[in-house]
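Scroll down for the structure; my scribbles are underneath it.
The values are calculated or read from the model by the stated rules, or taken from the named source; none is laboratory data. What you see is a predicted model, and the numbers here were worked out from it, not measured in a lab. Glycine also receives a Cβ, built like all others from the backbone with ideal geometry; neighbour counts cover every protein chain displayed. Quick note on the areas: whole protein, heavy atoms, side chains included, nothing else; ligands and nucleic acids left out. Shrake-Rupley method; radii C 1.70, N 1.55, O 1.52, S 1.80 Å.
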Amino acid sequence: MRTPSLIPDASLPGGGRRRLVRGGIVTACILYVGVLLLLPLVGIIYTALEPGLAKIWETFSLPDVRHAFYLTGVITVVTIAVTTFFGVITAWVLVRQRFPGKSLLNAVVDLPFALSPVTVGLAAVILFGAGGWLEPFFQARGIQIIFALPSMVLVTIFICIPFTIREVVPVLEEIGKDEEDAARTLGASIMQTWRKVTMPNIRWGLLYGIALTTARAIGEIGAVLIVSGLIKGQTETATLFIFTAIEERLYAEAYIVALTLAAVSIVLLITIETARHRIEGRKVRT
Amino acid sequence: MSTPIVVEQLTKRFGSFEAVRDVSFTAPRGAITALLGPSGSGKSTVLRMIAGLETPNEGRIWLGDVELTPKSVQERRVGFVFQHYALFRHMTVRQNVEFGLAVRKQSKSDRMARVDELLELVHLTHFAKRYPDQLSGGQRQRVALARALAPRPEVLLLDEPFGALDAKVRQDLRRWLDELHRELGVTSLLVTHDQEEALELANQVVVMHEGAVEQVGSPGEIYDDPTTPFVAGFVGSANVLHGVVEGGHVHLGALRVPGAEHLTEGAAATAYVRPHDVRISPKGSNGHDPDGTARALGRVERISSLGWLARLTIRLDGGGEHTLVAHVPQNELDGATEGDLVSVDLRNPKAFDHGEARAEE
């Protein structure tokens, strides 16, 4: 079946040139996306797999690599837990509550988008580093923040705060307050309303936010680099491992770890697309 | 079973804006009471305060002899029907109706029986497995009603329940709600801006305007004996005539409208006359009525047919810019045609002094 097109039929007089122009634009787009996005990916896949499966096995057997993935995993899981819990509450407060300073809170939520991760890392050093404002407090209690896991988790959470909030806010705005009100008049408690009405309504938006958060947490390097101190086998995440491995000319190991991160990202990308279809699909239906 | 709703001196402020001002009324047990007013008159806010969805700044709410004011929404046991249905979109029709029973932890078998009974009542038994977005607007609102009634609420609150539906469906649903109410007899409070809906469905009408109650009465009282200029102008259509009080009449040009005995001599006043209370007769009979009311002359500018009625636009002779709209049965036209001079007679006018009448303009 032919679908109607805004572009004139190429068989008409004068259509030949238009078709050429159209073909040119399409080709340029494919080249743009292909060369800039796909070629590097192909490069990584090829280089990582080239040394053979034995090398991959060997790389994953290295204690440093295993620890790096473990660390990335811990940071990501804690970040997801914190940003999801507080993100959903913050989104709900921003949409449903009226209070002074609301627009300020709304603006501050986006701060991590605007700040360079390196700045975020530096801010953490100012707070928790040697001579930092909060250092005496934690020092006295024997808790190591900087150059250790706590600061790495903290900066990652900071950077990931906006994702969940920004995905959940529009969904909450779109569904409105009526369903929650209806649940309350039918005798549901606040918790029941939340569990049975609000959560099911925002789940796809929330999933989208969590997927974005995960991708960002796994890939974060700038802020983590500053606060980690790069202690091998202790404060080295997967991205930091790639960073140091390249400096040490361990190219094969670096590519294999990079490929693993890329594979995770592709799974996340599929999740994100699915979630977005569900959100938009519902908008069309209602 | 069913209980009256008593509202005492409710006031609600949003910031410096007073949305509801000192509102008191009683919705009698087992009856339908309509809260009628234009948008922004505070009627929905009153309803939401009764449900507990808004907290009043002042005043009290009672269900029979139980005070609701300190109770939370979930403790109040009111049925609420929203203008835009507010169905749970991720639940089927059955799950929607069951919701109020499930959160109250009723046994599964009781729930099933009650849901079946309600689906039957709203004629949606065959739609139990559908989702809200697979239903028409009228069907959705019936689901919403079944859902509100499921936990056997003591009162039913309806917030513009037909407002989002088209005219034909609205008519059907209105008639159906009337029947349903006769069957169930649950005390109901209906918020609407549609006077026809209020007059047709309600046993009692509370007219609201700018956050305050203008008049409480039966549909007949509201229509025939408006006590404020706002009610006279808002309920039903009316000719609005501005004049001066002289000898118990409102004078405008040659027209003398009776019924102004209670107003100060010489004051500016406004009279409201319904189109069906304007009577015409051929020009020749320009005399005096037994009660001394002088009839005025007017020229028929336009006649259009409303079926058995004719709608006439009449420009008053010597009345300046005044035109009247008259609804006259076709057989009482006496052959009058456009351009004819006729004599005009006004019945049941309601006169208010100008200060009062200004308030609604």
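Things to note:
- Matching residues in the stretch A:168-188 - criterion: being at the interface with chain B (Cβ under 7 Å from one of its Cβ atoms), farther than 16 Å from residue B:78 by Cβ and of a type in the set (Gly, Ala, Ser): none
- The requirement of being surrounded by fewer than 15 Cβ atoms within 10 Å (Cβ to Cβ), more than 29 Å from residue B:259 (Cα to Cα) and not acidic (Asp, Glu) is not satisfied by residue B:220.
- Positions within the stretch B:64-82 being within 14 Å of chain A (Cβ to nearest Cβ) and either buried (at least 19 other Cβ atoms within 10 Å of the Cβ) or hydroxyl-bearing (Ser, Thr, Tyr) (or both), in sequence order: B:68, B:72, B:73, B:74, B:76, B:77, B:78, B:79, B:80, B:81, B:82
- Hey, residue A:225 assigned by TED's automatic domain parsing to the domain that holds residue A:272, part of a loop (DSSP other than H, G, I, E, B) and touching a residue at least 12 places away in the same chain (Cβ under 8 Å) or not: no
- Residues of the stretch B:49-63 that turn out to be in contact with a helix residue (DSSP H, G or I) (Cβ under 9 Å, 6 or more places away or on another chain) and more than 8 Å from chain A (Cβ to nearest Cβ), as a count: 7
- Any chance residue B:236 is open to solvent by less than 50 Å² (accessible area, probe 1.4 Å) and in a helix (DSSP H, G or I): no
- Residues considered: B:101, B:36. Of these, the only one that is of a type outside the set (Gly, Ala, Ser), within 14 Å of another protein chain (Cβ to nearest Cβ) and open to solvent by less than 10 Å² (accessible area, probe 1.4 Å) is B:101.
- Filter pass, residue A:148 being more than 14 Å from chain B (Cβ to nearest Cβ) and either within 30 Å of residue B:81 (Cα to Cα) or more than 18 Å from the chain's Cα centre (by Cα) (or both): yes
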